[in-house]
Amino acid sequence: TWLTPKHIIDDLGPFDLDPCAAPSPRPWETATKSVELPEDGLESLWAGLVWCNPPYGLHAEKWLERLAEYGDGIALIFARTETRSFFKQVWEKASSLYFLKGRLFFHKPDGSKTGNAGAPSVLVAYGHEADKRLIRTKLPGYYINMGRIA
């Protein structure tokens, strides 16, 4: 379990739903409503602006696909820009991107920091409100408008 750094949520939030939240208890909330295991966040009802820090690895593509179809949220993923999944779910569907400067330090369930993430990260916006959040962020990084803002 790698928790989203609190400063990212503080900067981009508030969010209405986190469909893949860390197990309770959490040192901080990422959204007003959280879906955690054993409930399946991919199958749950989504409403409002979504925050999604999906499980990294092969399953991340399913979360990005659902978020792109839903069309109103931000995902935090590794910036693996050359992968098939990134091309299919990000380059071809995202409203905007925000490449974070440096490498993130995620947090353990007790709130303590992990080592650095080992790869660069990107925030992926789907939809108008999500894009507005990336435009106004104070996080160090670089914004790219993908020209698909509804």
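For this structure, a couple of remarks:
- Filter result for VAL124 (crowded, with 21+ Cβ neighbours inside 10 Å, part of a strand (DSSP E or B) and touching a Ser or Thr at 6+ places or on another chain (Cβ under 9 Å)): yes
- All positions within the range 66-90 that are among the small types (Gly, Ala, Ser), open to solvent by 10 Å² or more (accessible area, probe 1.4 Å) and either in contact with a Cys (Cβ under 8 Å, 6 or more places away or on another chain) or within 19 Å of LEU139 (Cα to Cα) (or both): ALA79
- Candidate set: the range 128-137, residues that are open to solvent by 10 Å² or more (accessible area, probe 1.4 Å) and touching a residue at least 24 places away in the same chain (Cβ under 8 Å); chosen: the one nearest to LYS6 (Cα to Cα): THR137
- For the range 35-48, a residue qualifies if it is open to solvent by 10 Å² or more (accessible area, probe 1.4 Å) and closer than 22 Å to PHE78 by Cα, and the qualifying residues are GLU36, LEU42.
- Residue in the range 81-95 that is part of a strand (DSSP E or B) and free of Cβ contacts under 8 Å to residues at least 60 places away in the same chain present: no
- Residues in the range 69-112 that are within 15 Å of the chain's Cα centre (by Cα), over 20 Å from THR4 (Cβ atoms) and hydrophobic (A, V, I, L, M, F, W, C): there are none.
- Residue under evaluation LYS93, criteria (1) surrounded by 21 or more Cβ atoms within 10 Å (Cβ to Cβ); (2) farther than 18 Å from CYS20 by Cα; (3) touching a helix residue (DSSP H, G or I) at 6+ places or on another chain (Cβ under 8 Å), criterion not met: (1)
- Breaking point among (1) under 21 Å from GLN89 (Cβ atoms); (2) surrounded by fewer than 18 Cβ atoms within 10 Å (Cβ to Cβ), for CYS52: (2)
The values are calculated or read from the model by the stated rules, or taken from the named source; none is laboratory data. Here the structure is a predicted model, which is why all the values come from computation and not from measurement. Neighbour counts are summed over all protein chains in view; Cβ atoms, including those assigned to glycine, are modelled from backbone coordinates with ideal geometry. These area figures cover heavy atoms from the full protein model, side chains too; ligands, DNA and RNA do not enter into them. Shrake-Rupley method; radii C 1.70, N 1.55, O 1.52, S 1.80 Å.
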